[in-house]
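Just below is one structure, and these are the notes that go with it.
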């Protein structure tokens, strides 16, 4: 019942809010906030009760929901994010009020769908809600309806569709090979399956399908485009929760279907590492506030995927401790990243709603006299950079520990894993560098346009009290979760891995990893950002536009090359090469045959007339002799002349036919 | 009930349609004519349902030419499905047609033929042997040619000729199959599991089957005889919707199903080269047509290409020659009918209300015609195979059937299905995106207050199909189990 309320309630409330919104916008806004608050309350109840739910008889195989530690935590995180962003959005949308009814309808429906995924007990249920949220969240991206938003919207939509379909394929293969999609039975079904290759293939499909939403390389292309154009409260949700929905799917597949599949683990690990490094690089070179944050999301997703990969590899190498550590690290990092991005995107939203621009040069120096915003952003930045005492530090340390365990336990890959460890540390450093870049730019440096700086300095107002409360409140979570006492409890609840409770976060070994990362970050900031990116006192756009995978490969292939090629083949082989020649050949053959037959008949008639049926020359007779057959017809049957001539022809044809048939029979038999 | 009751739903609309030529109802007298025709159509649908309920599996022999070749009717599982589906759609689309054709010239003739087509379609569904099927198949072509060429301009005359050439030519190929199956089978009678004598397939039978597949498949627009369908989309929307997305084209698929499951028998064909050739044709068509749809800029032609693609989904399912594939094919026949009806009716409403017919002219119309385009979007999502909509159910079944065929062809087909589904999303959803989220500056309908939501008569069928689309997607079990029974020879 509780689950039904949490999942289906928002669908209903979305509709109600739409109807209310037609009458009274203010009432709708309050209603929406009330709904998210109620959802938060329900999610706390869920935390205590841990119910499960099965609805049979609908859809292909019914819907099943369940609750466990991880799910309950994520149900709360989801509801929390929605409650915070919705409260913030009330102020954010105070000026641009177009299409808000539509926006809120889809936001609330997405809340239900997201809870549906997070609480699902089988992959089919996850898939169904996943598809719903894919399409409903599309309206967030395209909300502003500017050319950029529409283009990003298309990208988002088509990546979502591809993801959905690849996932569909994966699920079908898994269903066929294992016979079930329920998490509870999947492990056994996979072990006893006769088609391990197909299960592996289905795993790859599922990885790609969910990866589309997670922002995994090479299907990340929508992410850096969609986040900057969406309204900030929506960006927070896109980045904080929707990417995690993708991760959720990958994680569940890894936990239940391909727990110890080494190849699968390697694929996840390598894609994760590429995503992590690429995202960090892109974030560093971006000079747009929200795009930097978006690329940062991509990079953090890479960290999480690396954790997933290490979990599988450690399990495959029968290193339970390594697997447990990696699992705790990745689940903790998921939670942390959700909350961090909540703060950071809301802070970015504050900038947008006041200035309506995002380029670093223009917003530079704006936050110098806004202490609450400054503090919130700083806490978020510290959290994501992995500075000790803040939340990112513990999860990143755990992820790092997972890799280190792997280096010790998995001898086959220890070389490769050592390289990955360094990539990990450097990417962590980059994280610190680009957060430093953002923070210093917005809150420390002065704008090069002095008048503008003056204007910025004169107006200390940035947001109202409610917004301050949610932005600052969310940033305090960084500190709370940064305490090992809290974090390890949370990790234990999510993973059920007991040794995590005895994890010491601040040992020299662990601090060393964090400090290496931070010092790399500081160096990168000083060298690359200060020396390369800032030229003549303004930020230079070094974003590699020409290398955009979407413009370079995806769009041309799908919209031009594929249709053209297939259409060409079909045109050539369909109408031009097959149908038309066939018709032409048919006409030619028929006309030649009839001509031949005609001339043969003429020749025959001529021959007959010259020999058997020679006309007797009767002097004075005006009527020519009618000929043998015609005479027969007219005299014996009493037919009229025209009938008789037709009859003649028919007789002639019959004779020829009989002759042909006889010839054939002779030819065939002898 | 006497088996000859089967003749009622076949003859009633044919005679009713013919009567319109003699009754001399003036063109302007919409009311009398519409009431008359709607009554005929409703009575026919009622008669179809009476047949489905009370005269199943009884033969009604009408006329026998020579031994073996006879006109005979019978309502069995597959035929009942087809007839039932058509009978639910016709009355609804009639309503839409009345409104759509309100300002057209020559609508008496149009509506007369339109109603006659209903009877012929039911005849196809209830045919009990190859001869009858063939006869009604040809009649279906003849009776719909005037509908395709209704506008009498250059394009539609050309479309009519092309349509005639392709489908009559196809039926010509099919005639070979009719003769062979009548001679070598139980007089061409339809028996579940095949009526051919002998265990294996000889070259002659293989050729006959291939001729039947491509010949009858011409109506199902299978490559290389697909060209007529996109061309024929110049016809008025009621024709492109009901006839060229459901009745006529599904008659083609229906004939192939009859050939496979009721004449030749799947066991005889499975694993033979002829299966591979037919599967190949279907798989190729379903990707190719989807790609062509994406390139197409004309709204209805795009949907017509999409129909070509989806018909091949069904043929793919059937040609897997497994019960699962057959079931999935039938399911897709039904569900695609529902979806495509709603898509075409929405497209028609758009064209009718705005006078535009190209995709780029859709920009922003969603704000003027929200209900129409919401239903269009639901249809598009469904056709793509998004869960909660009925297209997902049939696609899921098709994919499962393709995988469980266990052959490389099955897997290749599944991959093609996914690619085609993706293209399908691009060509249907891009229209929705344009309609609801116009790029700034291309919002053509911002100041056009004359563009209004479709009228109630048009909206009612759209809504019914749209809601059926969602309901069957969420609660498909009854339909799926019914079709499962049919696919295993019951019902």
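Computed from the coordinates by the stated procedures, all read-outs in this text should not be read as laboratory data. Since we're looking at a predicted model, the values are computed, not measured. Glycine gets a Cβ as well: all are built from the backbone with ideal geometry, and neighbour counts include every protein chain shown.
Modelled this way, with points 7 Å down the Cα-to-C-beta line, the labels at residue A:98 and residue A:666 are 9.0 nm from one another.
Of the peptides A:453-465, B:215-227, B:168-180, the order by per-residue mean of other Cβ atoms within 10 Å, starting with the highest, comes out as B:215-227, B:168-180, A:453-465. Across peptide A:161-171, the mean count of Cβ atoms from other chains lying within 10 Å of each residue's own Cβ comes to 5. In the range B:80-195, Cα pairs under 8 Å separated by at least six residues give a relative contact order of 24 percent. With a Förster radius of 45 Å applied to the beta-carbon distance between residue A:541 and residue B:456, the computed FRET efficiency rounds to 0.25.
How would chain B be classified by its alpha-carbon gyration tensor: rounded, prolate or oblate, with rounded meaning a/c under 1.5 and the a/b versus b/c comparison settling the rest? Taking the square roots of the gyration eigenvalues as a ≥ b ≥ c, chain B is oblate.
Convex hull volume of the Cα atoms of the range B:344-443, normalised per residue: 97 Å³.
For helix B:370-384, report the angle its Cα long axis makes with the longest principal axis of the Cα atoms of chain B; keep it between 0 and 90° and round to the nearest 10°. Its long axis makes an angle of about 30 degrees. Across peptide A:142-148, the average count of Cβ atoms from other chains found within 10 Å of a residue's Cβ is 3. Along its three principal directions, the equivalent ellipsoid of chain A from the Cα gyration tensor extends over semi-axes of 73, 31, 27 Å, largest first.
Cα centroid separation, the range B:245-315 to the range A:508-565: 47 Å. With 0.36 nm allotted per residue and the present C-alpha distance subtracted, the residue A:508-residue A:195 stretch has 107.9 nm of extension available. Over chain A, DSSP H runs of length four or greater, each weighted -39,500 (n - 2.57), average out per residue to a 222 nm ellipticity of -24000 deg cm²/dmol.
Residues A:441, A:5, ranked from the fewest to the most other C-beta atoms within 10 Å, line up as A:5, A:441. Classification of the protein assembly as shown by its C-alpha gyration tensor yields a prolate form. The axis ratio a/c (a ≥ b ≥ c) is 1.5 or more, and a/b outweighs b/c. Relative to the longest principal axis of the Cα atoms of chain A, helix A:262-285 runs at roughly 70 degrees. The packing ranking, built from the mean of other Cβ atoms within 10 Å per residue, places the peptides A:190-203, A:44-57, B:3-16, A:168-181 in the order A:168-181, B:3-16, A:190-203, A:44-57, highest first. Taking the Cα atoms only, what angle lies between the long axis of helix B:408-436 and the longest principal axis of chain B, rounded to 10 degrees? So the inclination is approximately 20 degrees. Per residue, chain B reaches -23000 deg cm²/dmol at 222 nm when only DSSP H runs of four or more residues are counted, each adding -39500 (n - 2.57).
The range A:60-85 and the range A:391-412 have their alpha-carbon centroids 28 Å apart. By the count of neighbouring beta-carbon atoms within 10 Å, fewest first, B:29, A:122 end up ordered B:29, A:122. Peptides B:160-167, B:238-245 ranked from most to least packed give B:238-245, B:160-167, packing being the mean of other C-beta atoms within 10 angstrom over each peptide's residues.
Subtracting the Cα-Cα distance of residue A:320 and residue A:49 from their residue separation scaled by 0.36 nm leaves 94.6 nm.
Take each residue of peptide A:558-565, count the partner chain Cβ atoms within 10 Å of its Cβ, and average: the result is 5.
From the Cα gyration tensor of the range B:1-269, with a ≥ b ≥ c the square roots of its eigenvalues, which class applies: rounded if a/c is under 1.5, or else prolate if a/b is larger than b/c, or else oblate? Here the range B:1-269 falls in the oblate category.
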